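First up is the structure itself, then whatever we jot down about it.
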Amino acid sequence: MTIEQILADIKQRKFQPVYFLHGDESFYIDLIADELEKTVLTEAEKGFNQTILYGKETDLVTLLSAAKRFPMMSEFQLLIVKEAQNIKFGKEDKKDQDPFAAYLENPLRSTVLVFCHKYGSLDKRLKVAKLIDKHGVLFESKKLYDNQIADWVQKYVHSLNLKIEPKAAALIPEFLGNDLSKVANELSKLVINTAAGKTITSDDIEKNIGISKDFNSFELTAALGKRDVLKANKIIDYFAANKKDHPLVMVLGVLNGYFSKLLMYHFLPDKSRANVASVLKVNPYFVQDYETAGRSFSFEKTCAIITLLRNYDLKSKGVESTGNTEDGELMKELVFQILH
């Protein structure tokens with residue numbers, strides 16, 4: 001089931017007896033668990049019918065014993081197991097049946113049992129995984145790739161009845177990374193200061209989240225694509241002076257991603273905006289940047305830049321280098337060689 005289907009069923013009070021929420025992205029695990037906690041029971045019912053256990057402090061026998069209880073003056077009881085990654089699942093004794101598997105064969109319908117298994121996934125080959133999938137919900141929350149975050153930001157902001165400029169959405173993952181919980185938290189703060197119906201701009205991002213709209217990796221690649229020597233050097237000087245926020249490894253990663261996409265752009269027989277956006281997996285708003293860069297850097301020059309980026313990556317790790325050159329100086333050297 002998709003996240004949208006799961007949340008829709010919960011809102012309609014179509015509860016499953018078991019929810020096993022696992023994966024590396026904690027945002028959706030928390031979102032589903034919180035929605036169940038808000039929906040299954042009323043505040044008056046929670047006192048007798050809601051139990052929260054922690055994986056480090058419990059075991060399968062204890063939680064299954066709790067799961068088999070009947071609710072008191074309520075249609076359901078809610079049992080949430082947090083830190084479930086600390087519980088060992090699927091170990092079966094050759095003589096005795098796995099008690100968890102036995103429960104899953106015929107789960108108590110008046111119990112909503114929720115496992116929050118973060119920072120890893122349940123082995124889907126296990127018998128218990130197959131039984132959860134058959135009788136309940138087995139949902140894997142996967143990390144999004146960096147190039148998917150800007151689109152996610154736009155959808156999330158839209159769900160809050162607001163709009164955000166593509167450029168502003170692109171700024172957020174650069175500073176906050178791909179941790180959706182962190183991104184959603186910062187966006188929620190931003191929404192408080194944004195009037196309904198207003199479009200969030202890069203100025204709003206700079207003011208409320210602290211991301212510079214002028215000195216960031218997006219502006220660097222845009223300046224390089226236009227071969228704007230003055231602006232590119234201003235940005236790289238800023239990066240060199242603020243190495244903690246703009247480390248060389250991050251800059252190299254951004255540039256490698258950008259010029260790798262530019263190389264793909266050169267190979268495309270169909271350079272229509274829709275096709276470029278689809279193949280490069282970028283917002284159509286940014287296709288014009290690749291069109292400009294394609295005119296600024298030939299196919300041969302783009303290949304040379306990618307080789308250059310690999311060489312500077314090795315230099316940053318001390319290969320074929322004295323190791324005495326600071327990262328800031330390496331950044332400046334790299335940008336000079338890209339532009340000349």
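The values are calculated or read from the model by the stated rules, or taken from the named source; none is laboratory data. This one's a predicted model, so the numbers in the text were calculated from it and none came from an experiment. Cβ placement follows ideal geometry from the backbone for every residue including glycine, while neighbour counts extend to all protein chains displayed.
Within region 119-178, being touching a residue at least 12 places away in the same chain (Cβ under 8 Å) and of a type in the set (Ser, Thr, Tyr) holds for TYR119, SER121, SER141, TYR145, TYR156. When region 250-260 is filtered for residues that are in contact (Cβ under 8 Å) with a residue 24 or more places away in the chain and either part of a loop (DSSP other than H, G, I, E, B) or under 20 Å from the mean Cα position of the chain (by Cα) (or both), the ones remaining, listed by number, are MET250, VAL251, VAL254, GLY257, TYR258.
Considering region 206-218, and only residues there that are touching a helix residue (DSSP H, G or I) at 6+ places or on another chain (Cβ under 6 Å) and outside any loop (DSSP other than H, G, I, E, B), the residue that is nearest to ALA150 (Cα to Cα) turns out to be PHE218. Among the residues of region 219-230, those identified as over 18 Å from GLU333 (Cβ atoms) and in a helix (DSSP H, G or I) are GLU219, ALA222, GLY225.
Scanning region 156-181 for residues that are modelled with pLDDT of 85 or more and under 13 Å from the mean Cα position of the chain (by Cα) gives TYR156, ASP179, LEU180, SER181. The set of residues in region 110-130 that are surrounded by fewer than 21 Cβ atoms within 10 Å (Cβ to Cβ) and at pLDDT 95 or above contains only SER110. In the set LEU41, LEU64, only one residue is over 18 Å from PHE100 (Cβ atoms), touching a residue at least 24 places away in the same chain (Cβ under 8 Å) and not hydroxyl-bearing (Ser, Thr, Tyr); that residue is LEU41. The condition (being of a type outside the set (A, V, I, L, M, F, W, C), under 28 Å from ALA150 (Cα atoms), surrounded by 14 or more Cβ atoms within 10 Å (Cβ to Cβ) and not assigned by TED's automatic domain parsing to the domain that holds GLY177) is satisfied by just one residue among ASN283, ASN275: ASN283.
Here region 9-64 is the region considered, the condition is being of a type in the set (A, V, I, L, M, F, W, C) and in a loop (DSSP other than H, G, I, E, B), and the residue that is farthest from GLU186 (Cα to Cα) is PHE15. The C-beta contact set for region 261-289 (first residue closer than 18 Å to GLN154 by Cα and among the hydroxyl-bearing types (Ser, Thr, Tyr), second residue assigned to a helix (DSSP H, G or I) and modelled with pLDDT under 90, distance under 8 angstrom, 6+ apart or interchain) comprises TYR285/PRO166; TYR285/LYS167. Taking region 134-176 as the range and being outside any helix (DSSP H, G or I) and of a type outside the set (A, V, I, L, M, F, W, C) as the test, the residues that pass are GLY136, GLU140, SER141, LYS142, LYS143, TYR145, ASN161, LYS163, GLU165.
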